1. Being within 11 Å of the chain's Cα centre (by Cα), buried (at least 24 other Cβ atoms within 10 Å of the Cβ) and within 16 Å of the ligand (Cβ to nearest atom) is the filter here; which residues of the range 157-178 pass it?
2. Could you tell me which of the residues 78, 45 is more than 27 Å from residue 205 (Cβ to Cβ) and loosely packed, with under 15 Cβ neighbours inside 10 Å?
3. Please find, within the range 103-134, the residue that is farthest from residue 80 (Cα to Cα) out of those that are of a type in the set (Gly, Ala, Ser) and free of Cβ contacts under 8 Å to residues at least 24 places away in the same chain.
4. How many of the residues in the range 212-227 are away from the ligand (no atom under 16 Å from the Cβ), in contact (Cβ under 8 Å) with a residue 40 or more places away in the chain, open to solvent by 40 Å² or more (accessible area, probe 1.4 Å) and among the hydrophobic types (A, V, I, L, M, F, W, C)?
5. Being within 16 Å of the ligand (Cβ to nearest atom) and charged (D, E, K, R) is the requirement here; does residue 129 meet it?
6. Restrict the check to the range 181-204 and report whether at least one residue is modelled with pLDDT under 95, open to solvent by 20 Å² or more (accessible area, probe 1.4 Å), closer than 21 Å to residue 49 by Cβ and small (Gly, Ala, Ser).
7. List, please: which pairs have Cβ atoms under 7 Å, are six or more places apart or on different chains, and start with a residue in the range 18-36 that is over 30 Å from residue 191 (Cβ atoms) and end with one that is more than 10 Å from the ligand (Cβ to nearest atom) and open to solvent by 90 Å² or more (accessible area, probe 1.4 Å)?
Amino acid sequence: MSEYTLNVSDLTKTYNAGKPGEVRVLQGVSLAVEPGEVVGLVAPSGAGKSTLLQIAGLLDVADAGTVEIGGQDMAGASDRKRTRVRRQDVGFVYQFHHLLPEFTALENLVLPQLANGVSQRAAEARGAELLALVGLSDRAAHRPAALSGGEQQRVAVCRALANSPRILLADEPTGNLDPATSDQVFDVLMRLVSETGLSALIATHNLELAARMDRVLRLEEGVLRAG
Ligand code: ADP
């Protein structure tokens, strides 16, 4: 069994293979994230960051290669198992918050826990705890539209952590925010990751933010290089 939280090996992915418009996005990508390690992923737009994160987070499948999460090899795993591991072990943060608009901030943190079998009461307690950690206790009953962009993204970070995943995958988590708000959200994200000992793979265009991570990888022309 691997000691890595996330271990992907020799991933390849081509869109529209063999057709006009074929895009060879990943051409043998391997990376391993250790427990508690925060790895930055830097790449030009269109280089395949989202594709890599989606495959690593079991939302998409590679043409070839392996994905292991917490030592569990996902090659050949059933859809049911992939869904279970994704819900329990992977947290996602995207560029846009993707909170459910008709639910409050707290409800947005409760729902993914209910889907994971947690009781309403325990889910509310966990949600409230997370909101307190990001300084949003007084916004618990607000719907996303009544929150600022930075607040929405802080709630989205809480949602990613609600089920206490093994790994956080973030795709330009501050890419939609002005520089000051981006720094604030990034500080919150890094603080939560380090306080909980979580592993993270964080894609960003922002080289200053990337420099604050333990290690940076560049995705270029379908392969990863040390940054
Ligand atoms: P990034 O996140 O680095 O901007 P993406 O992983 O979103 O890159 O996309 C990598 C490349 O693959 C881009 O050229 C994009 O147009 C292409 N691509 C992404 N998804 C699809 C798809 N479903 N079908 C065809 N091409 C796609």
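1. Listed by number, the residues that qualify are 169, 170, 173.
2. Step by step, each of 78, 45 is checked, and only 78 is more than 27 Å from residue 205 (Cβ to Cβ) and loosely packed, with under 15 Cβ neighbours inside 10 Å.
3. By that ranking, first place goes to 132.
4. Qualifying residue count for the region: 0.
5. no
6. No: zero hits.
7. Note: pairs meeting the criteria are 28/10.
Yes or no, residue by residue, for (1) in contact with a Lys or Arg (Cβ under 9 Å, 6 or more places away or on another chain); (2) open to solvent by 60 Å² or more (accessible area, probe 1.4 Å):
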residue	(1), (2)
109	yes, no
117	no, yes
134	yes, no
138	no, yes
147	yes, no
150	no, no
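The values are calculated or read from the model by the stated rules, or taken from the named source; none is laboratory data. Remember, it's a predicted structure, so these values are computed and weren't measured experimentally. Positions of Cβ are generated from backbone atoms using ideal geometry, with glycine treated the same way; all protein chains shown enter the neighbour counts. Ligands, DNA and RNA are excluded from the accessible area calculation, which covers all protein heavy atoms including side chains. Shrake-Rupley method; radii C 1.70, N 1.55, O 1.52, S 1.80 Å.
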